[in-house]
Structure formats: C-alpha cells, structure tokens
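Read the structure below first, then the notes.
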Amino acid sequence: MISPTREALLRRARSLAGWRLDELARRYDRQVPDDLRRHKGWTGRLLEEALGISAAPNERAPDFAHLGIELKTIPVDASGRPRESTFVCSVPLAAPDETTWETSAAREKLTAVLFIPILTEPGASVAERLLGTALLWIPTPDEEATLERDWRGHMEVIRQGLIDNITAHDGEALQIRPKGATADSRTWTVDARGEALLTQPRAFYLRARFTQAILARHFPGLTPGS
C-alpha cells in the first residue's frame, strides 16, 4: 500500500530503524546477496518493497512519484559519516544543449529526498548492515543554489566538448564520475569541434561531505564533513 502523504511515508521509513538487512529481507522473502558489487540496487529495491512502492515509471521521475520524493540510502560508519558519495542520476551527454537546471533530472531527483542511513562497518556482511533513522531532506535556498551552480558549471564544460576535463574533484556539492554497466560502456556526446564522440557514461553524485552536513543538521551530535 502506497503511503498517501509525506508524513506517513517518513513515519513508515523511521519505523525501520534498528532493523538488520537480513531481518528485513526475511520479512519479504528475499535472499541477501553476499556482496552488492553484482547486485547494485538490491538494498533500494528491498526498501521500496518495505515502504510500499514499486519502481518509478521512468528514470527521470523520483521513486515516490506521487509525492515528489526520491529514496536514497547512505552507507555510514559508526560515527554517522557517509562512506561514499550518493548517486543522483545520469548526465545527459547526448544532447546537453536541450537541458536546463530547471528541467533537469538532477533537480527533479533532488527536490525532496528520503535519506536512509545504513550502518556499514568494515568487514561486516550485507546481512549485518543496520538501518538507521530516516530523514526527509528538502534543500535550503543556499543548498539549491550550490547544486545549481555545480550543475551549470559541469554542463557548460560538457557543452564545450570538454567532458574529459571534468574530474571527481570538480563541484562543491555535485560531482561527476564515470558510471556504466561495465568499464567498456560507451555513449555519445560531442567533442570540442562539435563532432560526435564516444565516451564513458557519466553520472551526477552528491559529495559525501555534502550529505554529511545534511545528516549533521538533522541529527545533533554528528559533525559536518570537512
């Protein structure tokens, strides 16, 4: 059953705090994989089932399309610090001139995000990972301005045909990194002369220090990332 309101969804997500992934998997008759390298998205699909939703109808739409909310898990250490950056969406490389920040998938995905921290200790199995307290994040005006500035900066470089000049060090909150089914994955973009170029697919990610600051604001006792 789909939660009818944002408040109901948040309550249901918070009711999962303290559950181990194997406990939740048994509840929904799912087998826990040994690792997630070959099972990317498994945790998200399990949580979607637990929260009463199915996958969004298309890649652009947020997971809870009827509420305008995206679901994101954050692996964290024992102190609550994110262990990695957070995938947002694919970068539109094929037609960069046809997208604006206001109409972008990145903005649509980040309008409201249900973050669920997952305690992920070194050496712990997938089954032993522990769900933390969910939070509903809506960007502040300053946060949205930072995201928009990063997005515009990245896309301007791509429009100039200089995609290979972008590194994971670029962007204050929103970075771009390669993302493909395999290391050999390729997609079309344009080079500096405006000619078609095959390159690795790219995706937008929220930096770990950015999500750490979000967690610290919602959970007193954590410190913002540096």
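The values are calculated or read from the model by the stated rules, or taken from the named source; none is laboratory data. What you see is a predicted model; the values in this text were computed from it and never measured. Cβ: placed from backbone, ideal geometry, glycine included. Neighbour counts: every protein chain shown.
So which of Leu131, Leu71, Leu136 ends up being crowded, with 19+ Cβ neighbours inside 10 Å, within 16 Å of Arg6 (Cβ to Cβ) and not polar (S, T, N, Q)? Only one candidate qualifies: Leu71.
Applying the criterion of being surrounded by fewer than 18 Cβ atoms within 10 Å (Cβ to Cβ) and either hydrophobic (A, V, I, L, M, F, W, C) or part of a helix (DSSP H, G or I) (or both) to the residues of region 43-52, the residue that is nearest to the chain's Cα centre (by Cα) is Gly44.
Here is a yes/no grid of residues against (1) in contact (Cβ under 8 Å) with a residue 60 or more places away in the chain; (2) surrounded by fewer than 16 Cβ atoms within 10 Å (Cβ to Cβ); (3) within 30 Å of Arg152 (Cα to Cα):
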| position | (1), (2), (3) |
| --- | --- |
| Arg11 | no, yes, no |
| Leu16 | yes, no, no |
| Asp77 | no, yes, no |
| Pro82 | yes, no, yes |
| Thr99 | no, no, yes |
| Val113 | no, no, yes |
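Any residue that is in contact with a helix residue (DSSP H, G or I) (Cβ under 7 Å, 6 or more places away or on another chain), touching a residue at least 40 places away in the same chain (Cβ under 8 Å), of a type in the set (Gly, Ala, Ser) and not in a strand (DSSP E or B) - is there at least one of those in region 21-41? For region 21-41, residues in contact with a helix residue (DSSP H, G or I) (Cβ under 7 Å, 6 or more places away or on another chain), touching a residue at least 40 places away in the same chain (Cβ under 8 Å), of a type in the set (Gly, Ala, Ser) and not in a strand (DSSP E or B): present.
For region 125-142, a residue qualifies if it is in contact with a strand residue (DSSP E or B) (Cβ under 9 Å, 6 or more places away or on another chain), over 17 Å from Gly44 (Cβ atoms) and not polar (S, T, N, Q), and the qualifying residues are Glu128, Ile138, Pro139. For the structure I just gave you, tell me whether Gln200 is buried (at least 17 other Cβ atoms within 10 Å of the Cβ) and either in contact with an Asp or Glu (Cβ under 8 Å, 6 or more places away or on another chain) or touching a residue at least 24 places away in the same chain (Cβ under 8 Å) (or both). Answer is no for this residue.
Being acidic (Asp, Glu), part of a loop (DSSP other than H, G, I, E, B) and more than 16 Å from the chain's Cα centre (by Cα), is that true of even one residue in region 92-102? Quick ask: steps written out before the conclusion?
Pass one, region 92-102, residues acidic (Asp, Glu): 97-98, 102.
From what is left, the residues that are part of a loop (DSSP other than H, G, I, E, B) are 102.
Narrowing further to those that are more than 16 Å from the chain's Cα centre (by Cα): 102.
Yes, some residue in region 92-102 is acidic (Asp, Glu), part of a loop (DSSP other than H, G, I, E, B) and more than 16 Å from the chain's Cα centre (by Cα).
If you go through region 126-163 and pick out every residue that is of a type in the set (D, E, K, R) and in a loop (DSSP other than H, G, I, E, B), you end up with 2. Annotation note: of Ala196, Ala168, Ala145, the sole residue that is closer than 20 Å to Ala112 by Cα and of a type in the set (A, V, I, L, M, F, W, C) is Ala145.
Condition check for Thr111 on (1) modelled with pLDDT of 95 or more; (2) more than 30 Å from Thr43 (Cα to Cα); (3) assigned to a loop (DSSP other than H, G, I, E, B): one failure, at (2).
When we screen Gly180, Gly171, Gly194, Gly123 for residues that are crowded, with 16+ Cβ neighbours inside 10 Å, part of a loop (DSSP other than H, G, I, E, B) and of a type in the set (Gly, Ala, Ser), the only hit is Gly171.
In the set Ala8, Ala55, Ala61, which member is part of a loop (DSSP other than H, G, I, E, B), under 26 Å from Glu143 (Cα atoms), at pLDDT below 95 and of a type in the set (A, V, I, L, M, F, W, C)?
Details: Ala8 fails: part of a loop (DSSP other than H, G, I, E, B); Ala55 fails: under 26 Å from Glu143 (Cα atoms).
Testing whether each residue is part of a loop (DSSP other than H, G, I, E, B), under 26 Å from Glu143 (Cα atoms), at pLDDT below 95 and of a type in the set (A, V, I, L, M, F, W, C) leaves just Ala61.
Number of residues in region 130-143 that are without any contact (Cβ under 8 Å) to a residue 24 or more places away in the chain and either among the β-branched types (Val, Ile, Thr) or in contact with a Ser or Thr (Cβ under 9 Å, 6 or more places away or on another chain) (or both): the value is 1.
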